[in-house]
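Nothing in this text is a laboratory measurement; each read-out follows from the coordinates by a stated rule. Small disclaimer: the values here were computed from a predicted structure and weren't measured. When we count neighbours, we look across all protein chains shown, and the Cβ atoms used for this are built from the backbone with ideal geometry, even at glycine.
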Amino acid sequence: MGELRMLIGGKLVEAEGGRTYDNVNPATEEVLGQVADGTAADMAAAVAAAREAFDTTSWSTDPDLRRRCLLQLQEAIESEQEDLRAELVAEVGCPVLTTYGPQLDAPLREALLWPAEMIERFPWSRSLEPKDPFGMGVTEREVWKEPIGVVGVIVPWNFPFEIAVNKLGPVLAMGNTCVVKAAPDTPWNATRIGRLIAERTDIPPGVVNIVVSSDHLVGEVLTTSPDVDMIAFTGSTATGQRIMQAASQTLKPVFLELGGKSANILLDDADIEGALAGAAGMCMHAGQGCAIPTRLLLPESRMAEGAEIAKASFESLGYGDPTDPSNLMGPLVSAKQRERVLGYIEKGKAEGARLVTGGGIPSHLDRGWYVEPTLFADVDNRSTIAQEEIFGPVLCMIGYRDEEDAIRIANESRYGLSGTISSADLDRAKAVARRIRTGTLGINGGIWYGADAPFGGYKGSGIGRQCGLEGLEIFTQTKTVGWPQA
Ligand code: NAD
């Protein structure tokens, strides 16, 4: 049973009026237990607590306290790592296999520790050349970096822990206070962090507040409150646009990590058979990853043969019960998401793409919100399934004429989050990489991920970068000061 209570002002609290809602396991459709159903009033209390903590405690000015607290939180989470693993599998429906990588262990290794280390090394100030700009005497000048204030952190359900800690680490290291709003479908990993903060760290009351709610719109308190200085959001592009609009009322900066429709470009000199034999890997976590390359670009002359190789890969993919370590794919997070994905598959067929395999609800799984690993070939890049983010286990194979055409197709997208390129010639792959308008790229299987690696999107995939120096700097304000030279 997970933690029911939220963390507000340093206390573990129930929602206003004791309201709760069910946390449901997407693989079994069973109710796991209850969690607080926070209201707008609860969110307002959390914002007030974060504001007060920022304005009245030494959090923003005491780097040693921040470092110590981040290390305490790291230790506390590690001590419950196996419980958290089971909880993530149960509430997210992610295969346990993925918890040994991006869903849990990979972020836990670095997401809090790297920012904690960087507190000392971050360039908090720099000197400018002394100047006499108005003929009134020479002035010494410095540029200072300072915390931005209260940050509203809004998290989605697909990698909820990974995304929460990759925001919490930098937000806290840079001296900010925050309110974290978990996604309605995946609340317990967030309330667990709240409990650990309250019970196992010296983080002053109000510095971190954790609010959960079945109502998405409780998040609007964060985006519109004049007491919140910035929003850090990961989620869909449509919600990101709404958040940006709401934040404009108080001129809050927004940091948006949004959707993706990335290209996996197999250049003509690549090991195309080898790449296609592993094509079903994109169904990891049922395709519920913003950076998964869901458009596979290959020479059009290789399409027929390539579709057969990829088909075999899709049909041999282990999927089903997410607690089974041999499965790479579990269910979608909710019945609503499954409907959405099935709707896209119908649209793909209607628009003329060739359904190679999958396309429906698996007959051998009688419970859980599963969709078969689904492969489309001969997809037109302008069609709906190639342009919109499906967020399900659906791969679109798209043929290109030559390298120039491949680059054009990869860039012909409203998104620009990630992608991969394969070629026998690294220089050629890098030259192509330079021309792809996305925030991250893997070449020949290389993995760019890390707490020190900026991650984020071009175009409709977002604004700003999470992680890396850029991901620390984004949670700071800049102050320029001058004084007469002695
Ligand atoms: P979503 O946009 O529906 O919700 C994300 C979060 O925003 C949830 O906590 C939700 O409750 C909250 N929210 C919804 N409406 C809000 C509003 N008006 N004001 C404030 N908060 C609001 O996204 P989702 O369906 O939970 O997540 C899937 C999406 O997230 C996909 O599009 C995926 O690509 C994207 N994603 C992006 C990244 C990235 O780093 N770029 C990472 C993971 C997921």
Open item on the list: Would you confirm, using the coordinates I've provided, whether residue 311 is of a type in the set (Lys, Arg), within 30 Å of residue 151 (Cα to Cα) and touching a residue at least 60 places away in the same chain (Cβ under 8 Å)?
Closed with: no
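Looking for whichever is surrounded by 24 or more Cβ atoms within 10 Å (Cβ to Cβ) and farther than 29 Å from residue 333 by Cβ here; the options are 406, 424. Which one fits?
Numbers: 424 fails: surrounded by 24 or more Cβ atoms within 10 Å (Cβ to Cβ).
406 is the lone residue from the list that is surrounded by 24 or more Cβ atoms within 10 Å (Cβ to Cβ) and farther than 29 Å from residue 333 by Cβ.
When you scan segment 233-242, how many residues do you find that are assigned to a helix (DSSP H, G or I) and within 6 Å of the ligand (Cβ to nearest atom)?
In the first step, residues of segment 233-242 are kept if they are assigned to a helix (DSSP H, G or I); the result is 237-242.
Filter again for within 6 Å of the ligand (Cβ to nearest atom), leaving 239, 242.
Of the residues in segment 233-242, 2 are assigned to a helix (DSSP H, G or I) and within 6 Å of the ligand (Cβ to nearest atom).
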Task: Residue under evaluation residue 400, criteria (1) exposed (fewer than 15 other Cβ atoms within 10 Å of the Cβ); (2) more than 23 Å from residue 257 (Cβ to Cβ), criterion not met - done: (1)
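Return the residues of segment 434-486 that are among the aliphatic types (A, V, I, L, M) and either assigned to a loop (DSSP other than H, G, I, E, B) or more than 11 Å from the ligand (Cβ to nearest atom) (or both); say none if nothing qualifies. Explain how you work it out, then say what you get.
Filtering segment 434-486 for residues among the aliphatic types (A, V, I, L, M) gives 436, 441, 443, 447, 451, 453, 463, 469, 472, 474, 481, 486.
Of everything in segment 434-486, those that are among the aliphatic types (A, V, I, L, M) and either assigned to a loop (DSSP other than H, G, I, E, B) or more than 11 Å from the ligand (Cβ to nearest atom) (or both) turn out to be 436, 441, 443, 447, 451, 453, 469, 472, 474, 481, 486.
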Task: Pairs with Cβ under 9 Å, 6+ apart, first in segment 97-114 and touching a residue at least 60 places away in the same chain (Cβ under 8 Å), second among the hydroxyl-bearing types (Ser, Thr, Tyr) - done: 97/326; 102/449; 106/100; 106/449
Task: Every pair of residues 6+ apart whose Cβ atoms lie under 9 Å, when the first sits in segment 405-419 and is on the phi < 0 side of the Ramachandran plot while the second is of a type in the set (Asp, Glu) and within 16 Å of the ligand (Cβ to nearest atom) - done: 414/388; 415/389; 417/257
- [ ] Check segment 175-190 and report whether any residue there is closer than 16 Å to residue 59 by Cβ, touching a residue at least 24 places away in the same chain (Cβ under 8 Å), surrounded by fewer than 24 Cβ atoms within 10 Å (Cβ to Cβ) and away from the ligand (no atom under 15 Å from the Cβ).
- [x] no
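Can you tell me which of 389, 372 is part of a loop (DSSP other than H, G, I, E, B) and either over 30 Å from residue 333 (Cβ atoms) or without any contact (Cβ under 8 Å) to a residue 40 or more places away in the chain (or both)?
Details: 389 fails: either over 30 Å from residue 333 (Cβ atoms) or without any contact (Cβ under 8 Å) to a residue 40 or more places away in the chain (or both).
One residue alone meets the criteria, 372.
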Task: strands (runs of 3 or more DSSP E) fully within segment 243-307 counting 2 or more residues that are buried (at least 20 other Cβ atoms within 10 Å of the Cβ) and within 16 Å of the ligand (Cβ to nearest atom) - done: 254-257
Task: First in segment 322-349 and under 16 Å from residue 94 (Cβ atoms) and of a type in the set (A, V, I, L, M, F, W, C), second anywhere and more than 15 Å from the ligand (Cβ to nearest atom) and not in a loop (DSSP other than H, G, I, E, B), Cβ under 7 Å, 6 or more apart - done: 328/97; 328/283; 328/319; 329/283; 329/319
